[in-house]
Amino acid sequence: MREPTLGNPQNTIAVLQKYNFTFQKKFGQNFLIDTHVLDKIIRAAEIGPEDCVLEIGPGIGTMTQYLACAAGRVVAVEIDRALIPILEDTLDGYDNVRIINEDVLKLDIRELAEKENGGRPLKVVANLPYYITTPIIMGLFENHVPVKSITVMVQKEVADRMQVGPGTKDYGALSLAVQYYSKPYIVANVPPNCFMPRPKVGSAVIRLDRYEKPPVEVADEKLMFRIIRASFNQRRKTLVNGLKNSPELVFSKEEIESAVEQLGKGMSVRGESLTLEEFAFLSNKLCS
Ligand code: SAM
């Protein structure tokens, strides 16, 4: 297989000029132009010949070349039709890559995993389009797509939100969802000059290792996430009021007050101070 040729500014510019490519802001296009960062992502994702990798948003195929050299198989999903002829060119000779021209949010990834990897867990590796980071990651988790790990470049602030606990301003529904489904670990911080064009914000690579079994036992997962959303939607309200006001929940005032009381943190406690274990406890109480 060919050695990767992209991943530096000169060759990236050459490809862009050859195809007269114009960046589409609406697709969050910031292409990686730093080989050290690419090596770091591939190492952190721990990909081997036995792995089938799903890459979301291959761009001009920079990371795809690296992934193809390390993995058994790569499936790359790209929304921008203008990039498809470029990918066919830059990935020529990489026989283990399949390119799909589709919006990843419209794709049935469970079905894809079934077809491409016999239902065995995929590894997701991507420099994500930042405007849809959360729906992509939540979609993979909530739809119970078979994934072993997700190693992705995201906005630095979003990476921080994924791994913090209660008592910080970044703590919220995303932190709890990520930590219910996976063990997060920030691999590296990446400055704007590693991309073309440069994003306005700093980025970070985060790896999420999917738990086989979540760290807390929850009778009704969907209910727990409705409670979590209700608690954070009204951050300035007490937990009791947040739950009472939520259109997503149908419990009586007495049921809510009794469940919150059993938490043992007082009736004026706010949702943002609760741990995942405490949200699980509350949800199990309300469920029963
Ligand atoms: N992987 C390339 C790299 O690192 O140089 C490009 C990363 S760029 C941040 C994000 C890529 O995702 C772009 O190629 C963009 O066109 C693509 N993209 C944006 N929205 C998408 C969607 N809904 N489905 C699939 N791909 C998408």
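The HN-Hα couplings worked out from phi for region 29-45 by the Karplus form 6.51 cos²θ - 1.76 cosθ + 1.60 (θ = phi - 60°) are 8, 10, 8, 6, 10, 9, 5, 5, 5, 4, 4, 5, 5, 5, 5, 5, 6 Hz, whole numbers, x standing for Gly and Pro. For region 192-288, the dipole from Cβ point charges (+1 on Lys and Arg, -1 on Asp and Glu) about the Cα centre works out to 680 debye, to the nearest 20.
In this simple spin-label model, placing a label point 7 Å from the Cα along the Cα-to-Cβ direction at both Met267 and Asp39 gives a separation of 6.2 nm. Between the residues Met196, Cys287, Tyr171, the greatest Cα displacement towards the positive end of the dipole of the chain, with unit charges on the Cβ of Lys, Arg, Asp and Glu, is found for Tyr171. Atom-type composition of the exposed protein surface of the chain places 48 percent of the accessible area on carbon and sulfur (1.4 angstrom probe).
Taking square-rooted eigenvalues a ≥ b ≥ c of the alpha carbon gyration tensor, is region 132-243 rounded, prolate or oblate, where a/c under 1.5 means rounded and, failing that, a/b exceeding b/c means prolate? Oblate shape, in that a/c is at least 1.5 and b/c is the bigger or equal ratio. Once backbone amide H atoms are built at 1.01 Å from N, Ser182 has Tyr211 as its partners under 5 Å, excluding neighbours fewer than 5 places away on the same chain.
Just how far, in whole angstrom, is region 154-194 from region 50-115 if you go by their alpha carbon centroids? Taking the Cα centre of region 154-194 as reference, the centre of region 50-115 is 25 Å away.
In the chain, taking the dipole from charged Cβ atoms about the Cα centre, the farthest positive-side position among Thr90, Met162, Ala126 is held by Met162. Near the amide H of Val269, within less than 5 Å, lie the amide hydrogens of Leu239, all on another chain or at least 5 residues away, with H placed in the peptide plane. For GluC sites (Glu not before Pro), the sites in region 154-227 that DSSP calls loop and that have at most 16 other Cβ atoms within 10 Å are Glu212, Glu217. A crude spin-label estimate for the pair Glu217 and Asn20, with each label 7 Å from Cα along the Cβ direction, gives 6.5 nm.
Computed from point charges on the beta carbon alone (+1 for Lys and Arg, -1 for Asp and Glu), the dipole magnitude for the chain about its Cα centre is near 860 Debye. Normalised by the number of residues in region 82-226, the average gap of Cα pairs under 8 Å and 6 or more apart makes the relative contact order 20 percent. Residue-wise HN-Hα couplings along region 218-234, as the Karplus relation 6.51 cos²θ - 1.76 cosθ + 1.60 with θ = phi - 60° gives them from phi, are 10, 5, 9, 3, 5, 5, 4, 6, 5, 5, 4, 4, 4, 5, 9, 5, 10 Hz; Gly and Pro carry x. Amide H contacts of Arg98: Val74, Val75, Ala76, each under 5 Å away and 5 or more positions distant or on a separate chain (H built 1.01 Å from N in the peptide plane; Pro and chain starts excluded). In the chain, Cα pairs under 8 Å separated by at least six residues give a relative contact order of 15 percent. Using the Karplus relation 6.51 cos²θ - 1.76 cosθ + 1.60 with θ = phi - 60°, the per-residue 3J(HN,Hα) values for region 210-216 come to 5, 6, 6, 10, x, x, 10 Hz, with x marking Gly and Pro. For region 140-189, the set of trypsin sites (Lys or Arg not before Pro) satisfying both a DSSP loop assignment and a count of at most 16 other C-beta atoms within 10 Å is given as Lys169.
For region 1-120, a simple Cβ point-charge model (Lys and Arg +1, Asp and Glu -1, everything else neutral) yields a dipole of about 300 debye relative to the Cα centre.
Rolling a 1.4 Å probe over the heavy atoms of the protein chains gives region 147-288 an accessible area of 49 Å² per residue.
The values are calculated or read from the model by the stated rules, or taken from the named source; none is laboratory data. Just so it is clear, the structure is predicted and the values come from calculations on it, not from any experiment. When we count neighbours, we look across all protein chains shown, and the Cβ atoms used for this are built from the backbone with ideal geometry, even at glycine. The protein model used for the area step is the full one, side chains on, heavy atoms only, and it has no ligands, DNA or RNA in it. Shrake-Rupley method; radii C 1.70, N 1.55, O 1.52, S 1.80 Å.
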